[in-house]
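Notes follow the structure.
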Amino acid sequence: MAFVAKAALLAAFIGYLGYAAVCARPRFLSWPMFTRITFTRFQLSNGADGEPIDHWRHLVTFDSYHDIGTVDEFLGYLRDVHGIYAEGIVTYVDTDGVHALEVCDGELDL
């Protein structure tokens, strides 16, 4: 009986993994959770006075900045809400490699 229960639990878990793997949204144990590993490092300063920007102070919510679009949205948030026109480098690492993005006058210089 215990073997049947363990086998049923294992089959259910494998079934859940299969279901989660084909879901489009990244979530717990989904395929995008393991394939969309990214890292973003901000090295920014305020263009007006040259003071370094601690981006952790200005986060609206906890966000991983998993693509260039969300990095651009963060820079827009700094401009529009806080009036900070950032200058510097944003280093973005994804499955395609390392990308150094220059920030000039609060916008990505692509």
J(HN,Hα) series, segment 44-56, from Karplus relation 6.51 cos²θ - 1.76 cosθ + 1.60, nearest Hz, glycine and proline x: 10, 9, 6, x, 6, 10, x, 5, x, 9, 8, 5, 5
Gain in span if fully extended, TYR85 to PHE13, counting 0.36 nm per residue against the direct Cα distance: 21.0 nm
Report, by chain and number, residues whose modeled amide H sits under 5 Å from the one on LEU101, excluding near sequence neighbours (fewer than 5 apart, same chain). VAL90, THR91, TYR92
Which residues' amide hydrogens lie under 5 Å from the amide hydrogen of ALA86, considering only partners 5 or more residues apart or on another chain, with H built in the peptide plane? GLY47, GLY106
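Quick one: which of 76-86, 92-102 comes out on top by average Cβ neighbours within 10 Å, and what's the full order, highest first? Walk me through the intermediate numbers first.
Numbers: 76-86: 15.2, 92-102: 12.2.
Result, highest mean first: 76-86, 92-102.
Here, each number is a calculation from the coordinates, and none is a lab measurement. Source: prediction; values computed, not measured. Reconstructed Cβ throughout: ideal geometry from the backbone, glycine too, with neighbour counts over all protein chains shown.
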